[in-house]
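Colleague: Below: one structure in structure tokens.
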Amino acid sequence: MSEQESSSDEIMSSEEEEQQQKEGFSYWNLKDVERGQLPPHIRKQGARVHCKSDAPTNTETLQYSGSYASMGVDNSLRLDPFRENFRIKIIALDKDKMEFDMIGIDAAVANAFRRILISEVPTMAIEKVFIANNTSVIQDEVLAHRLGLIPIKVDPRLFEYLSANDTPNEKNTIVLKLHARCNQGQPRHTVYSQELKWLPNGSEFAKESEKPDSKLSTYTSFSCSQDSLPEFAGNPISTMEDIIVAKLGPGQIVLKAESDVWMMDLIHAVVVCGIKHDIDIGLLVLVRVLAVMSFLPDTRLQVQVLRCLVILQEIELEAHAVKGMGKTHAKWSPVGTAWYRMFPEVVLLDNIEGEDAEELMKKCPSGVFDIEDAGNGKKRTKVADSRACTLCRECIRGDEWEKRVSLHRVKDHFIFTIESTGALPPEALFTEAVKILEAKCERVITELS
């Protein structure tokens with residue numbers, strides 16, 4: 001039995017709950033309660049969400065100090081009880097994902113951590129893309145958008161924010177280069193994210209200048225190489241691997257034409273070669289296109305073929321990554337997802353034995369229930385893993401099962417899951433979220449004082 005199941009017995013035992021359901025509720029059956037304490041059923045309503053077959057009940061949370069003033073109970077949130085009851089228990093942890101329990105906390109605070117993780121913990125992401133050549137089938141803006149969503153494996157805490165008036169330098173910008181091509185006669189080439197190479201010395205593309213005698217300058221102004229800095233020594237900057245950026249074919253035949261009547265209309269006829277097709281096959285297709293055009297009206301016969309070119313599919317670009325937050329754009333979000341759910345609690349209100357025990361175990365798709373030996377050859381149902389419950393409510397549907405099984409959610413116990421994109425480990429992301437929330441609270445206190 002888990003800690004939450006044992007705490008539920010302190011609030012109201014399953015025998016008392018079953019007895020009340022059989023006899024019916026009456027105010028005269030309520031026991032005397034000392035002043036300064038709440039009756040068991042009131043405490044249970046404040047601590048549990050009761051999940052019935054049709055809808056949940058007792059979903060609200062009361063944090064107002066005067067909610068139970070007539071009983072002499074102060075229900076406000078206080079720091080000392082919070083320190084005593086708040087706990088974090090790590091359930092699973094690896095380099096990309098963490099699952100942990102937050103116990104003794106309100107849903108509003110848990111949701112604050114979730115929102116901060118998604119939108120306010122900064123990372124590095126590609127913001128500007130300088131394209132020198134792109135003859136692939138992907139448009140420039142689509143290619144730039146795909147590059148921006150590739151996670152960069154670097155600690156964003158080592159960099160500064162780049163404002164509109166700042167010059168890109170080694171402290172606020174990461175420069176990556178991509179050059180890939182598919183030559184004629186080669187199979188189709190898939191461009192992956194690991195082909196983005198880090199340029200520690202900054203940009204290699206020269207700016208265009210109106211003055212011919214002016215000194216050549218690049219798009220960044222690095223005072224030193226980034227790999228000479230101690231934080232990057234032996235730890236080169238890279239991207240997440242095996243993310244497809246584009247697929248390049250062996251080439252395409254481009255027909256450039258000009259006509260006296262058809263000047264602004266179709267002047268490029270493109271015939272894309274297959275993966276393993278030879279250039280002669282492409283030219284044969286082109287000849288057939290021209291043969292079809294000979295049957296068009298006289299105005300279209302005026303088309304004069306100037307030249308036929310074979311253009312290889314190639315991508316050459318430079319990408320500049322800067323520091324940002326997810327609330328500006330999703331590409332800066334450090335998590336694939338961050339979510340939480342209330343801890344599920346499954347209580348058996350009756351001894352379920354024999355065929356009913358096997359039926360109940362088969363009804364649950366999550367494996368919450370198991371069968372144990374009750375002695376004398378009898379089999380009895382037990383709750384084996386209430387954490388696995390997804391509250392599908394299959395166990396309380398039909399044949400009055402709701403009177404034998406009770407489902408709850410613990411209001412102050414949250415199962416929190418963080419999936420990192422790879423820039424920072426999940427435990428570091430949660431630590432940063434706590435710091436951001438702390439800074440927000442300090443800012444509010446400062447403004448109020």
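Colleague: Determine which single condition Gln63 fails, assuming it passes every other condition in (1) modelled with pLDDT of 70 or more; (2) closer than 19 Å to Met342 by Cα; (3) part of a loop (DSSP other than H, G, I, E, B).
Modeller: Checking Gln63 against (1) modelled with pLDDT of 70 or more; (2) closer than 19 Å to Met342 by Cα; (3) part of a loop (DSSP other than H, G, I, E, B), the one that fails is (1).
Colleague: What's the number of the only condition in (1) surrounded by 19 or more Cβ atoms within 10 Å (Cβ to Cβ); (2) under 25 Å from the mean Cα position of the chain (by Cα); (3) closer than 29 Å to Glu120 by Cβ that Gln226 fails to meet?
Modeller: If we test Gln226 against (1) surrounded by 19 or more Cβ atoms within 10 Å (Cβ to Cβ); (2) under 25 Å from the mean Cα position of the chain (by Cα); (3) closer than 29 Å to Glu120 by Cβ, just (2) comes out false.
Colleague: Out of all the residues in the range 94-101, is one or more assigned to a loop (DSSP other than H, G, I, E, B), of a type outside the set (Asp, Glu) and not assigned by TED's automatic domain parsing to the domain that holds Leu176?
Modeller: yes
Colleague: Condition test on Ala164, is it hydrophobic (A, V, I, L, M, F, W, C), open to solvent by 40 Å² or more (accessible area, probe 1.4 Å) and in a loop (DSSP other than H, G, I, E, B)?
Modeller: Considered against the rule, which asks whether it is hydrophobic (A, V, I, L, M, F, W, C), open to solvent by 40 Å² or more (accessible area, probe 1.4 Å) and in a loop (DSSP other than H, G, I, E, B), Ala164 comes out as yes.
Table: residues versus (1) open to solvent by 40 Å² or more (accessible area, probe 1.4 Å); (2) under 30 Å from Ile418 (Cβ atoms); (3) assigned to a loop (DSSP other than H, G, I, E, B); (4) in contact (Cβ under 8 Å) with a residue 24 or more places away in the chain.
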residue: Ala321; (1), (2), (3), (4): no, yes, no, yes
residue: Phe343; (1), (2), (3), (4): no, yes, no, yes
residue: Ala357; (1), (2), (3), (4): no, no, no, yes
residue: Asp399; (1), (2), (3), (4): yes, no, yes, no
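Colleague: So which residues in the range 427-438 are closer than 18 Å to Asn111 by Cβ and open to solvent by less than 90 Å² (accessible area, probe 1.4 Å)?
Modeller: Leu429, Phe430, Glu432, Ala433, Val434, Ile436, Leu437
Colleague: Going through Glu120, Glu127 one at a time, which residue ends up being surrounded by 15 or more Cβ atoms within 10 Å (Cβ to Cβ) and farther than 30 Å from Thr218 by Cβ?
Modeller: The unique qualifying residue is Glu120.
Colleague: Could you count how many residues in the range 392-416 are among the basic types (Lys, Arg) and farther than 17 Å from Lys362 by Cα?
Modeller: 3
Residue-by-condition table, conditions (1) in contact with a helix residue (DSSP H, G or I) (Cβ under 6 Å, 6 or more places away or on another chain); (2) open to solvent by less than 70 Å² (accessible area, probe 1.4 Å); (3) closer than 30 Å to Pro122 by Cα; (4) part of a loop (DSSP other than H, G, I, E, B):
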residue: Asp370; (1), (2), (3), (4): no, yes, no, no
residue: Thr381; (1), (2), (3), (4): yes, yes, no, no
residue: Leu391; (1), (2), (3), (4): no, yes, no, yes
residue: Cys395; (1), (2), (3), (4): yes, yes, no, no
residue: Glu402; (1), (2), (3), (4): yes, yes, no, no
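Colleague: So in the range 169-186, with the set limited to residues that are among the charged types (D, E, K, R) and part of a loop (DSSP other than H, G, I, E, B), which one is surrounded by the fewest Cβ atoms within 10 Å (Cβ to Cβ)?
Modeller: Ranking the qualifying residues of the range 169-186, first place goes to Lys171.
Colleague: Right, here's the next one. Can you name the condition, by its number, that Ser203 falls short on among (1) under 47 Å from the mean Cα position of the chain (by Cα); (2) part of a loop (DSSP other than H, G, I, E, B); (3) at pLDDT below 90?
Modeller: (3)
Colleague: A follow-up question, please. Only one residue in Ser223, Ser238, Ser217, Ser203 is among the small types (Gly, Ala, Ser) and in contact with a Ser or Thr (Cβ under 6 Å, 6 or more places away or on another chain), so which one is that?
Modeller: Ser203
Colleague: For the range 187-200, what are the residues that are surrounded by fewer than 16 Cβ atoms within 10 Å (Cβ to Cβ) and assigned to a loop (DSSP other than H, G, I, E, B)?
Modeller: Result: Pro187, Arg188.
Colleague: When both residues are 6+ apart or on different chains and their Cβ atoms are under 6 Å apart, which pairs have a first residue that lies in the range 152-169 and is aliphatic (A, V, I, L, M), and a second that is at pLDDT below 95 and open to solvent by 50 Å² or more (accessible area, probe 1.4 Å)?
Modeller: That search, which allows pairs on different chains as well, returns Leu158/Glu231.
Colleague: Tally up the residues in the range 130-161 that are open to solvent by 60 Å² or more (accessible area, probe 1.4 Å) and in a loop (DSSP other than H, G, I, E, B), please.
Modeller: The total comes to 5.
Colleague: Further, regarding this structure: Mind listing whichever residues of the range 81-93 are open to solvent by 100 Å² or more (accessible area, probe 1.4 Å) and part of a helix (DSSP H, G or I)?
Modeller: Those that are open to solvent by 100 Å² or more (accessible area, probe 1.4 Å) and part of a helix (DSSP H, G or I): Arg83, Glu84.
Colleague: Of all residues being touching a Lys or Arg at 6+ places or on another chain (Cβ under 9 Å) and within 15 Å of Ile415 (Cα to Cα) in the range 106-133, which is modelled with the lowest pLDDT? Just the residue, please.
Modeller: Going through the qualifying residues, I end up with Asp106.
The values are calculated or read from the model by the stated rules, or taken from the named source; none is laboratory data. Since we're looking at a predicted model, the values are computed, not measured. For neighbour counting, all protein chains shown are included, and Cβ atoms are generated from backbone atoms with ideal geometry for every residue, glycine included. The accessibility values were calculated without ligands, DNA or RNA, using every heavy atom of the protein model including side chains. Shrake-Rupley method; radii C 1.70, N 1.55, O 1.52, S 1.80 Å.
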